[in-house]
Protein chains: 2
Amino acid sequence: MANFTTRVYNFNAGPAMLPTEVMEKAQGEFLNYQGTGMSVMEMSHRGKHFQDILDKSVHDLRKLLSIPDRYGVVYFPGGATLQFSAIPLNYLGEGDSADFALTGVWAVKAREEAKKFYPNVNIIFDGKDSGYMNLPTITDASVSDKAKYVYITSNNTIYGTRYSTLPKLTKAPLIADMTSELLSRKLNVEDFSVIFAGAQKNIGPSGLTVVIFDKEKLPQVSHPIPNLMNYILMEKNGSLYNTPPTYSIYIAGLVYSWLLERGGLEEMEKQNEKKAALLYDAIDSSSLYNAPVPKPFRSTMNVVFRMKDTKLDEKFLELAEANGLAGLKGYRDMGGFRASIYNAMPLAGVETLVSFMKEFEKTKA
Amino acid sequence: MANFTTRVYNFNAGPAMLPTEVMEKAQGEFLNYQGTGMSVMEMSHRGKHFQDILDKSVHDLRKLLSIPDRYGVVYFPGGATLQFSAIPLNYLGEGDSADFALTGVWAVKAREEAKKFYPNVNIIFDGKDSGYMNLPTITDASVSDKAKYVYITSNNTIYGTRYSTLPKLTKAPLIADMTSELLSRKLNVEDFSVIFAGAQKNIGPSGLTVVIFDKEKLPQVSHPIPNLMNYILMEKNGSLYNTPPTYSIYIAGLVYSWLLERGGLEEMEKQNEKKAALLYDAIDSSSLYNAPVPKPFRSTMNVVFRMKDTKLDEKFLELAEANGLAGLKGYRDMGGFRASIYNAMPLAGVETLVSFMKEFEKTKA
């Protein structure tokens, strides 16, 4: 196995590459945060230092996304999977229904979890037959009369698809799992009742989830909700109902600062589009590689591609690894390759990958 | 505010001091874990490197606690609070009851959460009137006939109390929140059906919980359980049903190695008893300080003490802070002081605190 003395270009889908500048800053103060004589990991979550870290991170996230005051911004533990349970429990009551657009495994799991508690949840789109290569156009006309909300996965990490244009509804609140794309492009938060994202793509370490929700659209429900899934309780306590994943919140805060220093989401979106275009162009113009996702649905975060001759897959991955291009293996059920190029992946990383792919095509294929 | 160039003695109750050796090791490989060119924080949870970290950590924890094979060892997100919901949901059905020993805020919260779902849960001890300064002796005779389990908090962080001798029951399964003492003393795991502990005291960063449970005593329930609370599902998937808090598991693993290198729990127990005795003796032999907890119930992890003249409290804390003794303020509702002396607190830290207390008594009181 290769033994690198410097950092590689890490194309993992998540947990994923974090900005090297952020990691260096965290490393520098790992044992002693700002002269306190202790790590952020060792601080009381009720103390002034951590409260400042938490407050600043929420402030910066609100700034990055222009989040209106009526939206709560809450850190939850447990990843998107916890929200798959929390959302129906907070938004539905007995007999209620919601509309799910099944654009991949994560939407299917979210719907299955909701169905365990509320058997009436509905499917308004199922991409299974297309291998999840297509996404629906969701408008008010798509929404069932009884739907208490419409649920989407805005970017599908496994298949490399995304809604280029996100739905805008008036008939029902829109709830979006944005785990693999939040903070990668501009966003109109007011088009959503709930936006949530597991941190391990563009935000920070795994085990942390950001939930942004319209407090005015949260219904009163009469059944019990487990405390750590209760939106009202968690928001009222400013993410401090219990001891939150403090170190992960600190890293997230460093990432937000890094984004703001680099021009915020407008600039990120430009860079992400440039990186994705470079890679998709290289694939499309090659006779060895191909991208299975139709152009209108292509993700800028997860670029899925294949080789015409799958016998070369192993060799490609081996050589890529040896050249400091890590994590390119496709999702277990998908095969082929996936280059996840989140905010932290520099343009140089994508350029290096493209060069490697061209060289491989010329000499090995 | 003081500006320390070295690490202080950190007496925070949790998140708490971690072993400096562990922190230095983690810092050294923060940007590049074992030549992989990436941080553990940036690695796929499905990759070989993280799987090795996870497997080794579970192996070492089993070794430290001599955990029998029939017990599952699972990492959950969310802290003890998530288990307050998960335990009744996994162990009770409609109409069922369980017995709770209320020895402090955390037991009360666990019982309130259980009661939300199962109104029949029972109280077999309530320490409220004693200010939670007393603990019960729980035997089979204490257990209600209908109790599906008996629930205790083995060490009460806030009040500085613990069961010196843990209960041993045959009439009903025993479930224990050991958040603030797991790994601090020897333990017979087989006396419990479930042991759980939030990591942020003796294990690692906050946002991670270790659950050890007897798979043979887990009942089949017919109601839906949120996936991230489902003991069977989480165990079957080896803590990888979803993306777990990978970095926190890595730190926990480093802590287990550190404990094994130092002789395991037998040695830890000796050292912890020595540290606690030193501090309690200093308090008991002083005419300024006093410890409110009766001797049989005194915790070796959280040493609660007060001054006869509370007007000096502020000054004591200020001077202690300035002398590199951090986190000594008592819990918000308790006032006074609390020195949390988990495994990571070296004897030298307690000695320094005792010297400081004596000096303060001599010169300021």
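From the list B:69, B:55, exactly one residue is part of a loop (DSSP other than H, G, I, E, B), away from every other protein chain (no Cβ under 12 Å) and without any contact (Cβ under 8 Å) to a residue 24 or more places away in the chain. Which is it? Checking each option against the conditions leaves just B:69. For the range B:39-82, the tally of residues that are small (Gly, Ala, Ser), surrounded by fewer than 21 Cβ atoms within 10 Å (Cβ to Cβ) and within 25 Å of residue B:262 (Cα to Cα) stands at 1.
Taken as a whole, the condition of being under 19 Å from the mean Cα position of the chain (by Cα) and within 7 Å of chain B (Cβ to nearest Cβ) does not apply to residue A:61.
Give me the residue from the range A:215-259 that is more than 24 Å from residue A:44 (Cα to Cα) and touching a Gly at 6+ places or on another chain (Cβ under 8 Å) and, out of that set, nearest to the other protein chains (Cβ to nearest Cβ). If we take residues in the range A:215-259 being more than 24 Å from residue A:44 (Cα to Cα) and touching a Gly at 6+ places or on another chain (Cβ under 8 Å), then A:223 is nearest to the other protein chains (Cβ to nearest Cβ). Residues considered: B:63, B:115. Of these, the only one that is closer than 30 Å to residue A:83 by Cβ and of a type in the set (D, E, K, R) is B:115.
Among the residues of the range B:91-119, those that are surrounded by fewer than 19 Cβ atoms within 10 Å (Cβ to Cβ) and either in contact with a helix residue (DSSP H, G or I) (Cβ under 7 Å, 6 or more places away or on another chain) or assigned to a helix (DSSP H, G or I) (or both) comprise B:105, B:108, B:109, B:112, B:115, B:116, B:117. When the range B:102-126 is filtered for residues that are closer than 11 Å to residue B:149 by Cα and aliphatic (A, V, I, L, M), only B:121 remains. Within the range A:272-281, being over 16 Å from residue A:336 (Cα atoms) and surrounded by 19 or more Cβ atoms within 10 Å (Cβ to Cβ) holds for A:272, A:275, A:276.
Cβ-Cβ contacts under 9 Å between residues 6 or more apart (or on different chains), taken from a first residue in the range B:316-329 that is closer than 18 Å to residue B:14 by Cα to a second residue that is of a type in the set (Ser, Thr, Tyr) and part of a helix (DSSP H, G or I), are listed as B:324/B:352; B:325/B:352. On the given criteria, is residue A:2 more than 27 Å from residue A:174 (Cα to Cα) and in contact (Cβ under 8 Å) with a residue 24 or more places away in the chain? Judged against the criteria, residue A:2 is a match.
Answer with yes or no whether residue A:154 is among the hydroxyl-bearing types (Ser, Thr, Tyr), over 17 Å from residue A:87 (Cβ atoms) and modelled with pLDDT of 95 or more. No; evaluated as a whole, the condition is false for this residue.
Restricting B:181, B:112 to those that are among the acidic types (Asp, Glu), closer than 23 Å to residue B:209 by Cβ and either over 19 Å from the mean Cα position of the chain (by Cα) or at pLDDT below 95 (or both) reduces the list to B:112.
Scanning the range A:335-353 for residues that are in contact with a strand residue (DSSP E or B) (Cβ under 8 Å, 6 or more places away or on another chain) and crowded, with 18+ Cβ neighbours inside 10 Å turns up A:336, A:337, A:338, A:339, A:340, A:341, A:345, A:349, A:350, A:353. Name the residues in the range B:5-38 that are touching a residue at least 40 places away in the same chain (Cβ under 8 Å), crowded, with 18+ Cβ neighbours inside 10 Å and over 21 Å from the mean Cα position of the chain (by Cα), would you? Residues satisfying the conditions are B:8, B:26. If the condition is being hydrophobic (A, V, I, L, M, F, W, C), within 18 Å of residue A:71 (Cα to Cα) and in contact with a helix residue (DSSP H, G or I) (Cβ under 7 Å, 6 or more places away or on another chain), then the range A:139-186 contributes A:169, A:174, A:175, A:183.
Do we have any residue at all in the range A:84-96 that's within 26 Å of residue B:25 (Cα to Cα) and hydroxyl-bearing (Ser, Thr, Tyr)? No; the residues of the range A:84-96 include none that is within 26 Å of residue B:25 (Cα to Cα) and hydroxyl-bearing (Ser, Thr, Tyr). Residues in the range B:330-365 that are among the basic types (Lys, Arg) and free of Cβ contacts under 8 Å to residues at least 40 places away in the same chain: B:332, B:362. Answer yes or no: is there a residue in the range A:131-140 that is surrounded by fewer than 17 Cβ atoms within 10 Å (Cβ to Cβ), of a type in the set (Gly, Ala, Ser) and assigned by TED's automatic domain parsing to the domain that holds residue A:202. Yes: one or more hits. Residues in the range A:319-365 that are within 19 Å of residue B:43 (Cα to Cα), within 14 Å of chain B (Cβ to nearest Cβ) and in a helix (DSSP H, G or I): A:320, A:321, A:322, A:349. Residue A:84 is checked against (1) of a type in the set (Phe, Trp, Tyr); (2) within 12 Å of chain B (Cβ to nearest Cβ); (3) without any contact (Cβ under 8 Å) to a residue 60 or more places away in the chain; (4) more than 29 Å from residue A:328 (Cα to Cα) and fails just one. What number does that condition carry? Here residue A:84 meets the rest and fails (4). Candidates in the range A:32-52 are the residues that are among the hydrophobic types (A, V, I, L, M, F, W, C) and in a loop (DSSP other than H, G, I, E, B); of these, the one that is nearest to residue B:332 (Cα to Cα) is A:43.
The values are calculated or read from the model by the stated rules, or taken from the named source; none is laboratory data. Computed from a predicted model, the values in this text were never measured in an experiment. When we count neighbours, we look across all protein chains shown, and the Cβ atoms used for this are built from the backbone with ideal geometry, even at glycine.
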